[in-house]
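Novice: Handing you a structure now.
The values are calculated or read from the model by the stated rules, or taken from the named source; none is laboratory data. This is a predicted model, so every value here is computed, not measured. All Cβ positions, glycine included, derive from the backbone under ideal geometry; neighbour counts span all protein chains shown.
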Amino acid sequence: MADYQVVVIGAGPAGYVAAIRCAQLGMKTACVEKWIGKDGKNALGGTCLNVGCIPSKALLDSSHHYYHLQKHAAEHGISASNVNIDVSTMLKRKDEIVQKLTGGVAGLFRKNKIDRLEGTAKLLGGQQVEITDVDGKTKTITADNIIIATGSVPARIPVAVVDNEYIVDSTGALEFSEVPKRLGVIGAGAIGLELGSVWGRLGSDVTILEALPDFLAPVDRKIAAAAMKEFTKQGLKISVGAKVSNAVVENGEVKLTYEDSKGSQTITVDKLIVAVGRKPNTEGLNAAEIGVKIDERGFIQVDANRQTAVPNVYAVGDVIGGPMLAHKGSEEAIMVAERLAGQKTEMHYDIMPWVIYTWPEVAWVGRTEEELKKAGVEYKVGQFPFMASGRAMAHGDTSGMIRMIADAKTDRILGVHIFGISASELLGEAVLAMEFDGSSEDLARTIHGHPTLSEGMHEAALAVDGRMIHA
Ligand code: FAD
Ligand code: NAD
């Protein structure tokens, strides 16, 4: 008999959720994690809790308070002079939130009687996993099933080598001890925009260089255009079609050379963030050696059950590709755990919520007009501007809009795209409506509380059929 029914490798949002769900379903479960936290101790939670979703949102909230006091408090009759930011207190608050949440996962492991194994896991084949602890001691355990959830790490580019002092990745960008006067960012994706916003709000002069010709290429074009206008108004200098050819550190500054439509440009910054995506992490796992198939980009290949080429070895989360999102990994984890228990769980990748936590937020689910046009699908669009929302006006945040796209024949909602205050929370209604195969008429007939931002969703649904009331 194996030591465990399930061993999960990695305790990020994919791995720890897999472990909890397996344990809930009565399987004897262990989870191996190698992460060493800032306190020098082994930490659960993976990228998301330690250096990703959570710390970035903590800094976004802190910097938003600062920015709001500086720029908007006066509109409310609040005079706030001498507003200062103590970066070390802001970082300490972030670290405390991380500590609480990673400690919370440890508590959930105890509650669910999951064996927490500290160290680096290596697949030995034959359902054996070798674990090496920080002192280099090894032990081997056996499992009926193995779930790989080893996540991802920042992608690197040769033209801007991360030195963790002047040129940093997303992890370094969460730790600047003071606000850089001039900040360069390579990549205008989720990380570039979120962390660029954090330091921009605190006073950095931020330049973001994006290689693609379009800003936020996967996003609805009208939403991307509105976001570009707003972020530019906030002071972010975003350059698209910008190809960085060189970044060198000289006399404590970073000299960046890039080409764009205007030709060769050079800027000098105090810090540079490289935020050009993430790559799957299978280093030291010995996966390929035991027969797990890995594609040319390094992602583990899986079948519909998320089983790798090796029977009883599964993989979930960032390491298998698709959207590199915490909630995607967690849902995959639940699916694998439940399928191991004989259930027929499925998940709908086409109804995936996406959020970029700028101010205001960009959030979307489903297909864009551009995708539908390409696919030859006839559709109708309803658009509601937050300018016409009483609640948004009361908040003092009226930029942006909700765009709802429905099938021209069936009225089924095909996509909802939001740029505006609380877009991340508003999106939940759209995701649920789509999970239920809802139509715009369903949302148009649903009573929404007044005054709420969610009335905007109601109005966008009415707008699909040309009967919006308030705009
Ligand atoms: P990870 O979270 O990367 O966890 C993998 C774990 O496996 C790690 O703890 C690692 O130490 C461990 N591990 C790896 N190899 C081994 C081994 N051999 N032995 C033992 N342990 C091992 N996503 C969102 O949905 N929303 C957000 O707001 C968001 N913000 C982000 C902000 C930033 C700055 C970053 C960097 C990412 C953000 N993401 C966000 C992405 C999100 O963090 C990832 O999609 C998510 O963490 C992936 O989960 P995972 O469990 O697959 O992998
Ligand atoms: P991303 O893929 O979102 O964006 C990277 C951007 O960098 C792209 O726009 C790409 O075109 C650009 N780029 C790539 N190479 C470049 C180069 N050489 N020069 C200039 N631009 C270049 O990746 P990210 O922002 O690094 O985030 C990594 C992952 O983490 C993503 O998969 C993202 O989904 C996830 N994440 C999610 C959130 C969120 O959900 N709010 C927040 C942060 C990160």
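Novice: Examine segment 15-25 for a residue that is within 12 Å of ligand 1 (Cβ to nearest atom) and in a strand (DSSP E or B), and state whether such a residue exists. Quick ask: steps written out before the conclusion?
Specialist: Restricting attention to segment 15-25, the residues satisfying the condition of being within 12 Å of ligand 1 (Cβ to nearest atom) are 15-19.
So of that shortlist, the ones also in a strand (DSSP E or B) come out as none.
No, the conditions are met nowhere in segment 15-25.
Novice: Every residue in segment 107-159 that is within 14 Å of ligand 1 (Cβ to nearest atom), assigned to a loop (DSSP other than H, G, I, E, B) and of a type in the set (Asp, Glu), please.
Specialist: Asp133, the sole residue that qualifies.
Novice: Name every residue in segment 240-252 that is more than 10 Å from ligand 2 (Cβ to nearest atom), surrounded by fewer than 16 Cβ atoms within 10 Å (Cβ to Cβ) and in a strand (DSSP E or B), in order of residue number.
Specialist: From segment 240-252, those more than 10 Å from ligand 2 (Cβ to nearest atom) are 246-252; that's our starting set.
Restricting the remaining residues to those that are surrounded by fewer than 16 Cβ atoms within 10 Å (Cβ to Cβ) gives 246, 248-252.
The answer is Asn246, Val248, Val249, Glu250.
Novice: Only one residue in Lys181, Lys255 is outside the structural domain of Cys53 (by TED's automatic domain parsing), within 14 Å of Val159 (Cα to Cα) and not small (Gly, Ala, Ser), so which one is that?
Specialist: On the way: Lys181 fails: within 14 Å of Val159 (Cα to Cα).
Going through Lys181, Lys255 in turn, the sole match is Lys255.
Novice: While we're here: Regarding segment 29-42, can at least one residue be identified that is within 23 Å of the chain's Cα centre (by Cα), of a type outside the set (Val, Ile, Thr) and over 29 Å from Pro323 (Cβ atoms)?
Specialist: The answer is no; no qualifying residue exists.
Novice: Right, something else. Which members of segment 311-354 meet the condition of being more than 16 Å from ligand 1 (Cβ to nearest atom) and either among the hydrophobic types (A, V, I, L, M, F, W, C) or assigned to a helix (DSSP H, G or I) (or both)? Working first, answer last.
Specialist: First, the residues of segment 311-354 that are more than 16 Å from ligand 1 (Cβ to nearest atom): 311-312, 338-346, 348, 350.
Correct list: Glu338, Arg339, Leu340, Ala341, Asp350.
Novice: Which number in (1) basic (Lys, Arg); (2) over 30 Å from Leu325 (Cβ atoms); (3) buried (at least 20 other Cβ atoms within 10 Å of the Cβ) marks the one condition that Lys122 misses?
Specialist: (2)
Novice: Report yes if some residue within segment 26-40 is surrounded by fewer than 23 Cβ atoms within 10 Å (Cβ to Cβ) and in a helix (DSSP H, G or I); otherwise report no.
Specialist: Start the filter on segment 26-40 by keeping residues that are surrounded by fewer than 23 Cβ atoms within 10 Å (Cβ to Cβ), which leaves 26-28, 34-40.
Filter once more, keeping what is in a helix (DSSP H, G or I): none.
Checked against the condition, which is being surrounded by fewer than 23 Cβ atoms within 10 Å (Cβ to Cβ) and in a helix (DSSP H, G or I), segment 26-40 yields no hits at all.
Novice: Starting from residues that are surrounded by fewer than 18 Cβ atoms within 10 Å (Cβ to Cβ) and among the small types (Gly, Ala, Ser), keep the ones in segment 212-234 and report whichever is nearest to ligand 2 (Cβ to nearest atom).
Specialist: That would be Ala217.
Novice: Can I ask one more? Checking Tyr357 against (1) surrounded by 22 or more Cβ atoms within 10 Å (Cβ to Cβ); (2) within 12 Å of ligand 2 (Cβ to nearest atom), which single condition isn't satisfied?
Specialist: All conditions are met except number (1).
Novice: Out of segment 66-86, which residues are closer than 14 Å to Asp397 by Cβ and in a helix (DSSP H, G or I)? It would help to see each step written out before you state the result.
Specialist: Initial filter on segment 66-86 (closer than 14 Å to Asp397 by Cβ): 67-68, 71-73, 75-76.
Matches in segment 66-86: Tyr67, His68, Lys71, Ala73, Glu75, His76.
Novice: Can I ask one more? State all residues of segment 135-169 that are of a type in the set (Ser, Thr, Tyr) and under 24 Å from Val17 (Cα atoms); if no residue qualifies, say none.
Specialist: Selection gives Thr140, Thr142, Thr150, Ser152.
Novice: Quick test for you: out of Ser88, Ser79, Ser177, pick the one residue that is more than 16 Å from ligand 1 (Cβ to nearest atom) and farther than 30 Å from Glu253 by Cα. Talk me through it step by step, then tell me what you get.
Specialist: Details: Ser88 fails: farther than 30 Å from Glu253 by Cα; Ser177 fails: farther than 30 Å from Glu253 by Cα.
Just a single option satisfies the conditions, and that option is Ser79.
Novice: Next question. Out of curiosity, is Leu108 under 20 Å from the mean Cα position of the chain (by Cα), in the same structural domain as Glu332 (by TED's automatic domain parsing) and modelled with pLDDT of 95 or more? It would help to see each step written out before you state the result.
Specialist: On the way: under 20 Å from the mean Cα position of the chain (by Cα): no; in the same structural domain as Glu332 (by TED's automatic domain parsing): yes; modelled with pLDDT of 95 or more: yes.
Taking the combined requirement at face value, the residue does not satisfy it.
Every residue, every condition in (1) aromatic (Phe, Trp, Tyr); (2) touching a residue at least 12 places away in the same chain (Cβ under 8 Å); (3) away from ligand 2 (no atom under 13 Å from the Cβ), yes or no:
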residue	(1), (2), (3)
Ala287	no, yes, yes
Gln307	no, no, yes
Val310	no, yes, yes
Tyr314	yes, yes, yes
Ala326	no, yes, no
Arg339	no, yes, yes
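Novice: Output yes when any residue across segment 11-19 is surrounded by fewer than 24 Cβ atoms within 10 Å (Cβ to Cβ) and touching an Asp or Glu at 6+ places or on another chain (Cβ under 7 Å), and no when none is. So that I can check it myself, show each step before the final result.
Specialist: As a first pass, look at segment 11-19 and keep what is surrounded by fewer than 24 Cβ atoms within 10 Å (Cβ to Cβ): none.
Scanning segment 11-19 turns up no residue that is surrounded by fewer than 24 Cβ atoms within 10 Å (Cβ to Cβ) and touching an Asp or Glu at 6+ places or on another chain (Cβ under 7 Å).
Novice: Among the residues of segment 253-263, how many are surrounded by fewer than 18 Cβ atoms within 10 Å (Cβ to Cβ), in a strand (DSSP E or B) and not β-branched (Val, Ile, Thr)? Step through it out loud before you land on a result.
Specialist: From segment 253-263, those surrounded by fewer than 18 Cβ atoms within 10 Å (Cβ to Cβ) are 253, 255, 257, 259-263; that's our starting set.
Those still in the list that are in a strand (DSSP E or B) too: 253, 255, 257, 259-260, 263.
Filter again for not β-branched (Val, Ile, Thr), leaving 253, 255, 259-260, 263.
Residues meeting the conditions: 5.
Novice: Which one is surrounded by the most Cβ atoms within 10 Å (Cβ to Cβ), of the residues in segment 397-414 that are under 14 Å from Glu361 (Cβ atoms) and touching a Gly at 6+ places or on another chain (Cβ under 6 Å)?
Specialist: Residue satisfying both the conditions and the ranking: Ile402.
Novice: Could you look through segment 186-198, keep only residues that are β-branched (Val, Ile, Thr) and near ligand 2 (Cβ under 9 Å from one of its atoms), and pick out the one that is surrounded by the most Cβ atoms within 10 Å (Cβ to Cβ)? Write out each step before concluding.
Specialist: If we filter segment 186-198 for residues that are β-branched (Val, Ile, Thr), which is where we start, we get 186, 191, 198.
Within this subset, residues satisfying the condition of being near ligand 2 (Cβ under 9 Å from one of its atoms) are 186, 191.
On the way: Ile186: 25, Ile191: 23.
The selected residue is Ile186.
Novice: Then there is this: Thr266: among the β-branched types (Val, Ile, Thr), part of a loop (DSSP other than H, G, I, E, B), free of Cβ contacts under 8 Å to residues at least 12 places away in the same chain and not assigned by TED's automatic domain parsing to the domain that holds Ser422, yes or no?
Specialist: No, not satisfied.
Novice: Scanning for something part of a loop (DSSP other than H, G, I, E, B), touching a residue at least 24 places away in the same chain (Cβ under 8 Å) and charged (D, E, K, R), does segment 214-224 turn up at least one residue?
Specialist: Yes - at least one qualifying residue is present in segment 214-224.
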